[in-house]
Amino acid sequence: MSRWWRNPALHFVFIGGLLFMALDLLPHFYGQHSGAGERSTLAIPVNQVRQLRSDFVRQWGLEPTDKQSQAMIRQTVDDEILYREARRLALGFGDRDIRGRLVQKMRAASTETSLSEEALYHKALALGFDDDLVIRRLLREKMRILLQQEPGIQIREKDVAEYIEHHPDRFLEPPKISFRHLFLSARSRGHQLEQDAKALLEKLHNPSVPPEMGDERSDAFILGQQFQDQSRTQIASRFGANFADEIFGLGVGLWSGPLVSPYGLHIVWVQEKDPAKMPPLQAILKQAAYALLEERSATALAAGMRRLRDLYDIHIEGDQPGIAQLTKGGELKNP
(Lines give C-alpha, C1' and ligand atoms only; values in the text may rest on other atoms or scores of the structure.)
Protein backbone atom coordinates (compact mmCIF):
# COMPACT_ATOMS: atom_id res chain seq x y z
CA MET A 1 0.00 0.00 0.00
CA SER A 2 2.81 2.46 0.87
CA ARG A 3 4.52 1.84 -2.49
CA TRP A 4 1.20 2.46 -4.27
CA TRP A 5 0.70 5.77 -2.38
CA ARG A 6 4.20 6.97 -3.38
CA ASN A 7 3.44 6.46 -7.10
CA PRO A 8 4.19 9.79 -8.92
CA ALA A 9 1.27 9.31 -11.32
CA LEU A 10 -1.13 9.10 -8.40
CA HIS A 11 0.34 12.27 -6.89
CA PHE A 12 -0.13 14.10 -10.20
CA VAL A 13 -3.79 13.10 -10.46
CA PHE A 14 -4.42 13.88 -6.80
CA ILE A 15 -2.76 17.30 -6.85
CA GLY A 16 -4.51 18.17 -10.12
CA GLY A 17 -7.82 17.31 -8.50
CA LEU A 18 -7.02 19.53 -5.53
CA LEU A 19 -6.24 22.46 -7.82
CA PHE A 20 -9.51 22.05 -9.70
CA MET A 21 -11.37 21.87 -6.39
CA ALA A 22 -9.60 25.03 -5.27
CA LEU A 23 -10.57 26.75 -8.51
CA ASP A 24 -14.18 25.79 -7.95
CA LEU A 25 -14.14 27.02 -4.36
CA LEU A 26 -12.21 30.23 -4.98
CA PRO A 27 -15.25 32.46 -5.76
CA HIS A 28 -16.89 31.31 -2.49
CA PHE A 29 -13.61 31.76 -0.66
CA TYR A 30 -13.45 35.43 -1.63
CA GLY A 31 -16.76 35.98 0.10
CA GLN A 32 -15.98 33.88 3.20
CA HIS A 33 -12.48 34.93 4.15
CA SER A 34 -12.53 35.72 7.85
CA GLY A 35 -16.18 36.24 8.62
CA ALA A 36 -18.87 38.54 7.29
CA GLY A 37 -17.57 42.09 6.98
CA GLU A 38 -14.22 41.22 8.56
CA ARG A 39 -10.80 41.78 7.03
CA SER A 40 -7.50 40.14 7.80
CA THR A 41 -4.65 42.35 8.97
CA LEU A 42 -1.31 42.46 7.20
CA ALA A 43 1.33 44.55 8.94
CA ILE A 44 4.68 45.14 7.23
CA PRO A 45 7.39 46.06 9.80
CA VAL A 46 9.00 49.41 9.09
CA ASN A 47 12.41 47.73 9.48
CA GLN A 48 11.55 45.50 6.53
CA VAL A 49 10.77 48.58 4.44
CA ARG A 50 14.12 50.10 5.43
CA GLN A 51 15.83 46.86 4.44
CA LEU A 52 14.16 46.98 1.03
CA ARG A 53 15.49 50.49 0.52
CA SER A 54 18.97 49.49 1.72
CA ASP A 55 19.02 46.54 -0.67
CA PHE A 56 18.02 48.86 -3.51
CA VAL A 57 20.85 51.28 -2.70
CA ARG A 58 23.33 48.40 -2.45
CA GLN A 59 22.29 47.09 -5.88
CA TRP A 60 21.86 50.34 -7.81
CA GLY A 61 24.01 52.83 -5.92
CA LEU A 62 21.26 55.41 -5.37
CA GLU A 63 18.16 55.99 -3.25
CA PRO A 64 14.85 54.68 -4.65
CA THR A 65 12.25 57.19 -5.81
CA ASP A 66 8.84 57.29 -4.12
CA LYS A 67 7.40 55.29 -7.01
CA GLN A 68 10.14 52.67 -6.73
CA SER A 69 9.67 52.46 -2.96
CA GLN A 70 5.96 51.92 -3.39
CA ALA A 71 6.57 49.24 -6.01
CA MET A 72 8.91 47.37 -3.65
CA ILE A 73 6.38 47.56 -0.81
CA ARG A 74 3.57 46.45 -3.12
CA GLN A 75 5.62 43.43 -4.20
CA THR A 76 6.34 42.53 -0.57
CA VAL A 77 2.66 42.82 0.29
CA ASP A 78 1.57 40.75 -2.71
CA ASP A 79 4.11 38.04 -1.91
CA GLU A 80 2.84 37.79 1.66
CA ILE A 81 -0.80 37.69 0.53
CA LEU A 82 -0.07 34.95 -2.01
CA TYR A 83 1.75 32.92 0.63
CA ARG A 84 -1.04 33.30 3.19
CA GLU A 85 -3.77 32.37 0.71
CA ALA A 86 -1.81 29.36 -0.53
CA ARG A 87 -1.52 28.16 3.07
CA ARG A 88 -5.21 28.85 3.66
CA LEU A 89 -6.11 26.70 0.62
CA ALA A 90 -3.56 24.00 1.59
CA LEU A 91 -1.90 24.19 -1.82
CA GLY A 92 1.23 22.62 -0.39
CA PHE A 93 -0.56 19.39 0.51
CA GLY A 94 0.94 16.48 -1.41
CA ASP A 95 3.58 18.61 -3.16
CA ARG A 96 6.64 16.42 -3.68
CA ASP A 97 9.10 19.34 -3.76
CA ILE A 98 7.83 20.75 -0.48
CA ARG A 99 7.71 17.33 1.13
CA GLY A 100 11.25 16.54 -0.03
CA ARG A 101 12.62 19.79 1.32
CA LEU A 102 10.98 19.28 4.73
CA VAL A 103 12.30 15.73 4.96
CA GLN A 104 15.78 16.93 4.00
CA LYS A 105 15.75 19.72 6.60
CA MET A 106 14.43 17.44 9.32
CA ARG A 107 16.99 14.75 8.52
CA ALA A 108 19.77 17.33 8.86
CA ALA A 109 18.38 18.64 12.16
CA SER A 110 17.34 15.36 13.80
CA THR A 111 19.58 13.04 15.80
CA GLU A 112 17.09 10.17 15.37
CA THR A 113 18.50 8.20 12.45
CA SER A 114 15.79 5.54 12.50
CA LEU A 115 12.86 7.84 11.64
CA SER A 116 11.00 7.06 8.43
CA GLU A 117 10.47 9.65 5.70
CA GLU A 118 6.84 9.98 6.78
CA ALA A 119 7.83 10.58 10.40
CA LEU A 120 10.48 13.13 9.39
CA TYR A 121 7.91 14.95 7.28
CA HIS A 122 5.31 15.23 10.05
CA LYS A 123 7.91 16.21 12.62
CA ALA A 124 9.18 18.98 10.34
CA LEU A 125 5.62 20.30 10.01
CA ALA A 126 5.13 20.18 13.76
CA LEU A 127 8.33 22.18 14.31
CA GLY A 128 7.33 24.85 11.77
CA PHE A 129 10.07 24.02 9.28
CA ASP A 130 7.63 24.80 6.48
CA ASP A 131 8.06 28.55 7.14
CA ASP A 132 10.97 28.50 4.72
CA LEU A 133 12.05 30.84 1.91
CA VAL A 134 12.02 28.09 -0.73
CA ILE A 135 8.65 26.71 0.41
CA ARG A 136 7.22 30.22 0.53
CA ARG A 137 8.32 30.73 -3.09
CA LEU A 138 6.79 27.41 -4.19
CA LEU A 139 3.47 28.22 -2.49
CA ARG A 140 3.36 31.74 -3.95
CA GLU A 141 3.87 30.31 -7.42
CA LYS A 142 1.09 27.77 -6.92
CA MET A 143 -1.24 30.56 -5.84
CA ARG A 144 -0.29 32.65 -8.87
CA ILE A 145 -1.06 29.71 -11.16
CA LEU A 146 -4.41 29.26 -9.45
CA LEU A 147 -5.32 32.93 -9.90
CA GLN A 148 -4.32 32.83 -13.57
CA GLN A 149 -6.89 30.17 -14.40
CA GLU A 150 -10.21 30.97 -16.04
CA PRO A 151 -12.53 28.02 -15.26
CA GLY A 152 -14.91 27.13 -18.06
CA ILE A 153 -13.42 29.58 -20.57
CA GLN A 154 -11.86 28.04 -23.67
CA ILE A 155 -9.77 29.73 -26.34
CA ARG A 156 -11.45 29.23 -29.71
CA GLU A 157 -9.92 29.72 -33.14
CA LYS A 158 -12.27 32.68 -33.59
CA ASP A 159 -10.81 34.31 -30.45
CA VAL A 160 -7.27 33.82 -31.77
CA ALA A 161 -8.15 35.25 -35.18
CA GLU A 162 -9.64 38.34 -33.51
CA TYR A 163 -6.54 38.69 -31.34
CA ILE A 164 -4.33 38.67 -34.45
CA GLU A 165 -6.61 41.22 -36.11
CA HIS A 166 -6.28 43.57 -33.12
CA HIS A 167 -2.50 43.08 -32.75
CA PRO A 168 -1.17 42.67 -36.31
CA ASP A 169 2.20 44.28 -35.47
CA ARG A 170 3.01 41.36 -33.16
CA PHE A 171 2.86 38.83 -36.00
CA LEU A 172 4.03 40.71 -39.10
CA GLU A 173 7.03 39.22 -40.86
CA PRO A 174 9.65 41.99 -41.07
CA PRO A 175 10.73 43.57 -44.37
CA LYS A 176 13.42 41.53 -46.13
CA ILE A 177 16.02 42.26 -48.76
CA SER A 178 18.19 40.23 -51.15
CA PHE A 179 21.52 41.71 -52.29
CA ARG A 180 25.04 41.13 -53.56
CA HIS A 181 28.04 43.15 -52.44
CA LEU A 182 31.65 43.80 -53.37
CA PHE A 183 33.91 44.07 -50.37
CA LEU A 184 36.91 46.36 -49.91
CA SER A 185 38.97 45.36 -46.90
CA ALA A 186 40.03 48.11 -44.49
CA ARG A 187 42.88 45.92 -43.26
CA SER A 188 44.49 45.30 -46.65
CA ARG A 189 43.78 48.66 -48.34
CA GLY A 190 44.54 50.99 -45.43
CA HIS A 191 44.37 54.71 -46.27
CA GLN A 192 43.50 53.86 -49.91
CA LEU A 193 40.18 52.34 -48.86
CA GLU A 194 37.81 55.23 -49.65
CA GLN A 195 39.62 56.15 -52.85
CA ASP A 196 39.50 52.55 -54.07
CA ALA A 197 35.78 52.32 -53.27
CA LYS A 198 35.02 55.49 -55.23
CA ALA A 199 37.03 54.28 -58.23
CA LEU A 200 35.36 50.86 -58.17
CA LEU A 201 31.89 52.39 -58.03
CA GLU A 202 32.68 54.51 -61.12
CA LYS A 203 33.86 51.43 -63.03
CA LEU A 204 30.70 49.56 -62.14
CA HIS A 205 28.57 52.45 -63.42
CA ASN A 206 30.43 53.12 -66.70
CA PRO A 207 29.24 50.97 -68.33
CA SER A 208 26.91 49.32 -65.87
CA VAL A 209 28.26 45.96 -64.76
CA PRO A 210 25.67 43.25 -63.97
CA PRO A 211 25.86 41.91 -60.41
CA GLU A 212 27.05 38.43 -61.36
CA MET A 213 30.06 39.94 -63.15
CA GLY A 214 31.28 42.01 -60.23
CA ASP A 215 32.45 39.33 -57.80
CA GLU A 216 35.97 39.18 -59.26
CA ARG A 217 36.51 42.83 -58.24
CA SER A 218 35.77 42.08 -54.55
CA ASP A 219 38.24 41.33 -51.80
CA ALA A 220 37.68 37.98 -50.10
CA PHE A 221 34.80 38.11 -47.61
CA ILE A 222 34.34 35.19 -45.24
CA LEU A 223 30.53 35.51 -45.10
CA GLY A 224 30.12 35.36 -48.88
CA GLN A 225 28.97 37.74 -51.60
CA GLN A 226 25.23 37.06 -51.85
CA PHE A 227 22.49 37.25 -49.21
CA GLN A 228 18.88 36.18 -49.74
CA ASP A 229 15.76 37.29 -47.83
CA GLN A 230 17.58 39.02 -45.01
CA SER A 231 15.77 40.94 -42.27
CA ARG A 232 17.20 44.05 -40.67
CA THR A 233 18.11 42.05 -37.56
CA GLN A 234 19.98 39.45 -39.61
CA ILE A 235 21.90 42.08 -41.55
CA ALA A 236 22.76 44.04 -38.40
CA SER A 237 24.19 40.90 -36.80
CA ARG A 238 26.61 40.51 -39.73
CA PHE A 239 27.34 44.04 -40.92
CA GLY A 240 26.29 46.34 -38.06
CA ALA A 241 23.21 48.47 -37.32
CA ASN A 242 24.16 51.44 -39.56
CA PHE A 243 24.71 49.16 -42.56
CA ALA A 244 21.30 47.52 -41.95
CA ASP A 245 19.56 50.91 -41.73
CA GLU A 246 21.14 52.24 -44.93
CA ILE A 247 20.71 49.21 -47.16
CA PHE A 248 16.92 49.29 -46.91
CA GLY A 249 17.03 52.83 -48.30
CA LEU A 250 18.94 51.86 -51.46
CA GLY A 251 17.34 51.52 -54.89
CA VAL A 252 16.77 48.15 -56.54
CA GLY A 253 18.78 47.02 -59.59
CA LEU A 254 21.84 49.30 -59.40
CA TRP A 255 25.20 49.54 -57.71
CA SER A 256 25.11 51.77 -54.61
CA GLY A 257 27.37 52.73 -51.76
CA PRO A 258 29.81 52.47 -50.37
CA LEU A 259 28.26 51.25 -47.10
CA VAL A 260 30.42 51.01 -44.00
CA SER A 261 30.78 47.89 -41.85
CA PRO A 262 33.30 46.93 -39.13
CA TYR A 263 35.27 45.10 -41.85
CA GLY A 264 35.59 47.89 -44.41
CA LEU A 265 33.45 49.24 -47.27
CA HIS A 266 30.84 47.53 -49.43
CA ILE A 267 29.47 48.34 -52.88
CA VAL A 268 25.94 46.90 -52.92
CA TRP A 269 23.53 45.69 -55.62
CA VAL A 270 20.00 45.31 -54.20
CA GLN A 271 18.22 42.54 -56.08
CA GLU A 272 14.83 42.57 -54.36
CA LYS A 273 12.94 44.09 -51.45
CA ASP A 274 9.95 42.49 -49.76
CA PRO A 275 7.76 44.65 -47.51
CA ALA A 276 6.50 43.51 -44.13
CA LYS A 277 3.64 41.05 -44.54
CA MET A 278 1.22 39.03 -42.47
CA PRO A 279 1.88 35.26 -42.56
CA PRO A 280 -1.00 32.83 -43.26
CA LEU A 281 -3.28 32.34 -40.27
CA GLN A 282 -2.36 28.67 -39.81
CA ALA A 283 1.34 29.57 -39.62
CA ILE A 284 0.88 31.82 -36.59
CA LEU A 285 -2.17 30.24 -34.96
CA LYS A 286 -0.22 28.48 -32.20
CA GLN A 287 1.97 31.52 -31.48
CA ALA A 288 -1.09 33.78 -31.29
CA ALA A 289 -2.94 31.29 -29.06
CA TYR A 290 -0.05 31.30 -26.58
CA ALA A 291 0.05 35.12 -26.65
CA LEU A 292 -3.71 35.34 -26.04
CA LEU A 293 -3.47 32.81 -23.22
CA GLU A 294 -0.64 34.77 -21.57
CA GLU A 295 -2.63 38.00 -21.86
CA ARG A 296 -5.74 36.43 -20.34
CA SER A 297 -3.65 34.84 -17.58
CA ALA A 298 -2.06 38.19 -16.75
CA THR A 299 -5.48 39.85 -16.66
CA ALA A 300 -6.90 37.11 -14.44
CA LEU A 301 -3.90 37.33 -12.09
CA ALA A 302 -4.20 41.12 -11.78
CA ALA A 303 -7.95 40.85 -11.07
CA GLY A 304 -7.35 38.07 -8.54
CA MET A 305 -4.70 40.08 -6.72
CA ARG A 306 -7.06 43.07 -6.51
CA ARG A 307 -9.73 40.87 -4.94
CA LEU A 308 -7.24 39.38 -2.48
CA ARG A 309 -5.82 42.76 -1.44
CA ASP A 310 -9.36 43.91 -0.71
CA LEU A 311 -9.61 41.17 1.92
CA TYR A 312 -6.84 42.76 4.00
CA ASP A 313 -6.25 45.83 6.11
CA ILE A 314 -2.68 46.60 5.15
CA HIS A 315 -0.37 48.97 6.98
CA ILE A 316 3.26 49.52 7.82
CA GLU A 317 3.90 48.78 11.46
CA GLY A 318 5.92 51.40 13.34
CA ASP A 319 5.81 53.78 10.35
CA GLN A 320 7.67 57.07 10.37
CA PRO A 321 7.48 60.15 8.11
CA GLY A 322 9.10 59.65 4.73
CA ILE A 323 8.10 55.99 4.36
CA ALA A 324 5.44 55.17 1.75
CA GLN A 325 2.21 53.88 3.31
CA LEU A 326 -0.56 51.50 2.33
CA THR A 327 -4.26 52.02 2.79
CA LYS A 328 -7.08 49.51 2.97
CA GLY A 329 -7.23 47.23 -0.04
CA GLY A 330 -3.51 47.56 -0.66
CA GLU A 331 -3.56 50.91 -2.47
CA LEU A 332 -0.31 52.82 -2.10
CA LYS A 333 -0.05 56.51 -1.35
CA ASN A 334 2.57 58.99 -0.21
CA PRO A 335 2.40 60.05 3.44
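The values are calculated or read from the model by the stated rules, or taken from the named source; none is laboratory data. Since the model is a prediction, treat every value here as computed from it, not as a measurement. Positions of Cβ are backbone-derived with ideal geometry, glycine not excepted, and every protein chain shown enters the neighbour counts. Note: areas computed on protein heavy atoms with side chains; ligands, DNA, RNA excluded. Shrake-Rupley method; radii C 1.70, N 1.55, O 1.52, S 1.80 Å.
Points worth noting:
- Unmet criterion (only one of (1) open to solvent by 70 Å² or more (accessible area, probe 1.4 Å); (2) assigned to a helix (DSSP H, G or I)) for Leu223: (2)
Residues checked against (1) surrounded by 14 or more Cβ atoms within 10 Å (Cβ to Cβ); (2) modelled with pLDDT of 90 or more:
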{"position": "Gly249", "(1), (2)": "no, yes"}
{"position": "Lys273", "(1), (2)": "yes, yes"}
{"position": "Pro280", "(1), (2)": "no, no"}
{"position": "Ala283", "(1), (2)": "no, no"}
{"position": "Ala302", "(1), (2)": "no, yes"}
{"position": "Asp313", "(1), (2)": "yes, no"}
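- Conditions (1) at pLDDT below 85; (2) open to solvent by 90 Å² or more (accessible area, probe 1.4 Å); number of the one not met by Glu63: (1)
- Complete set of residues in the stretch 145-180 that are open to solvent by 30 Å² or more (accessible area, probe 1.4 Å), more than 30 Å from Gly92 (Cβ to Cβ) and of a type in the set (A, V, I, L, M): Ala161, Leu172
- Against the numbered list (1) out of contact with any helix residue (DSSP H, G or I) (no Cβ under 8 Å at 6 or more places or on another chain); (2) under 17 Å from Ile316 (Cα atoms); (3) crowded, with 18+ Cβ neighbours inside 10 Å, Ile81 comes up short only at (1).
- The residues in the stretch 247-272 that are part of a strand (DSSP E or B) and not small (Gly, Ala, Ser) can be counted, and the count is 13.
- In the stretch 95-144, residue most open to solvent (accessible area, probe 1.4 Å) [restricted to those that are closer than 30 Å to Arg296 by Cβ and free of Cβ contacts under 8 Å to residues at least 24 places away in the same chain]: Arg137
- Tally of residues being open to solvent by 90 Å² or more (accessible area, probe 1.4 Å) and either modelled with pLDDT of 90 or more or outside any loop (DSSP other than H, G, I, E, B) (or both) across the stretch 34-49: 1
- Every test in (1) closer than 30 Å to Arg238 by Cα; (2) assigned to a loop (DSSP other than H, G, I, E, B) is passed by Arg187 save one, and that test is (2).
- Inspection of the stretch 256-271 identifies at least one residue that is modelled with pLDDT under 90 and at positive phi.
- Conditions (1) in contact with a Leu (Cβ under 6 Å, 6 or more places away or on another chain); (2) of a type in the set (Asp, Glu); (3) not in a helix (DSSP H, G or I): number failed by Asp196: (3)
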